Structure formats: C-alpha cells, structure tokens
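Only one structure is covered here, and it is reproduced in the block below.
The values are calculated or read from the model by the stated rules, or taken from the named source; none is laboratory data. In this text, all values refer to a predicted model and were calculated from it rather than measured experimentally. Cβ placement follows ideal geometry from the backbone for every residue including glycine, while neighbour counts extend to all protein chains displayed.
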Amino acid sequence: MANPEAEPIESSDVLHSLDGIPCPECGCVNAPDHSLFVSYFEAGAVTCVGCQKPFDLWAHASEELKNWPRSWSAFHLLGAVVTRQTVALEPDRNNEVTIRAVPEGAEILRVSMNVMGPSEGPPVFPALYIPGHTLTLDPFPRRFFLYGMTHGRTTLPGSTVWVHVTWIHPDEELPVHHLADAAKQFAAGRYKGMIIPANVAVEAALTPAVTAWVRTYCSRDETDEFLGPRGATYAHQLKVLSKIAARTLDLKPLPERIRTLLNHLRQYRNDLGHRGILDRPERPEPDLAKATEFLTAAVFGYHYARYLHSRVISPE
Ligand SMILES: [Zn+2]
C-alpha cells in the first residue's frame, strides 16, 4: 500500500524495505502491495517472488497472524515501510539517536532494536534513556538516547545497533490508517477495539467504489439518492451491489468466505456502534482466532474495494 515515490532516499546507514508475508516454502518476504492482492483475487493464489511457487495468500496470512507474536505479525499485511538505521553504541555513555528518513506525520507502528557486538561475548547493550522522564508512545519520540550498558566490564568495545522503525506514510489513503488502527488494537490484544476501525476501513473503501460504479449508469443526483441514508446501505453494497458490479466489470467476485466474514464484522460493528456492548450469544467477544479472521478479512476487503474501484471507468 505504501507509495514508493513518497519514500525517503536511502543513505549509507539507512535502509528502507516493505514489511511483508514470508513465503511458506522458501521464507522470502513478499511485499503486500496492492498487485499481490489483485493476483490473489484473479487467480486464487499468488506466486512467490523468491521460489516462484504458488501459495494461498489468505490462508498463509491468517495462519501467520494466529501463530506468530501479534506485535510482530499484525503489521505485515499493511504494506508498512520498515526503515533500518544503524547506530554506533559506545560503552558507558549516552548515544544520541535521531530517527531520520521517516517523514513528518508518519504513523510509527513499531520500533525494535537488534544489537551486534564482538564475537567474544555479550556485547554492550542499549538502555533507553528518556530525557524529560516521559516516554510518549504516539507520536514516538524522534530523538532519544541509548546508553551503552557494560555492567562493569570496562574493557568491552562498542557495538552496533540496528534500530528498525515500522511506519505508514501520512499520505496513505484513509482506509489504510483505519487498518493501522485495527492492527494496533490487534497487536495489543484488545480485540474488541479493532472491530470499528476494521469495519470502517472496508466501508470507506467500498462505498466510493460502488458509488463510482453506479455513476457509470446514473446521474449524480440519482446515485446520491440510491446510495444515500435511505438507500442502499453498506450491507447492501457488500452483499449485493459489489457482486453485481464485479459481474458487469468482468471481475472475479470477492471470495465468499471473505464476504461472509466482512458481513459478520459489520454485525459486530453494529452491536458496538448502536448499543455499545457485545452481549448477543451469536456474537461473543472476539478471541484471537476471530480477531485474526476479522483483521485479515478487512485488509483483503480494502484491497478488493480498491481493485473494483480501479476497474470502473468514470463518466467524468
Ligand atoms: Zn517462496
């Protein structure tokens, strides 16, 4: 989803890459850009960029979310950029780190560090020193200090730290930011909190797509009335209109298992949005398995809406 043109230029100690889905066969990371999802919708599988073998993107993406640590896997599907900045860590002193090459206003999803030291033993480790005694998580500080901890081993040489920052560009489409909100709730284990942003992400992408498609047949006033508050709701768009639109545009329909999950997500959203609680026996609070299905379905739903929208030829 990231816009490569907007990515900062690389320098000798900074490297950018797209986060992504490791191939189940060879482990090669497949960047989750929009074309990967389109391949899945059109062929039912994607071809790994490494070993060229096909794999089921849906099945593998949801397995990854279920089986790997959430804080790590939740952002793989979003097309977030990972920036690696190399920092020299001098022993027993504060080493200043300024996060560069991540645009102002970018949504930082995750910061992690890898330490590389000499082979002869435990290296100098980074201790986070927080000026002002407050660690703000969002927005994450652009400038902080890493203290080189030696634990009294005064002869230790310095080590190197890779600071990895996973982020979403501020110019990304709004649904991507909603998906990021859902992924953050998922990563924190607050599964109920991901329902509304996950649902909004798909709705905010599907409604403009269906509107553009209806506009190819009807005037603006007719379209506004048809899709307005007393017309076809998001439920109708998801269950009926997107199917007809796909048929008329000669596109593969949204896979039924994804449509069913998105409809279920919509019902959960209505419970929370209208009544504020999940107390219906048929819709208990989502557990990890359910949250995994919902997050995966929302990401695929967003890409399907974008796919549909891109194939509508606007009359204007
Ligand atoms: Zn592979």
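Numbers below:
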quantity	calculated
The lone exception for residue 121 - which of (1) among the small types (Gly, Ala, Ser); (2) over 17 Å from residue 163 (Cβ atoms); (3) in a helix (DSSP H, G or I) it fails	(3)
Residue 293 of a type in the set (Asp, Glu) and modelled with pLDDT under 95	no
Any chance residue 193 is surrounded by fewer than 22 Cβ atoms within 10 Å (Cβ to Cβ) and in a loop (DSSP other than H, G, I, E, B)	no
Among the residues listed as 231, 273, the single one being of a type outside the set (Lys, Arg), modelled with pLDDT under 95 and closer than 17 Å to residue 196 by Cα	273
Count of the range 196-246 residues which are over 27 Å from the mean Cα position of the chain (by Cα) and not in a helix (DSSP H, G or I)	10
Residue identified as hydrophobic (A, V, I, L, M, F, W, C) and closer than 26 Å to residue 296 by Cα among 137, 128	137
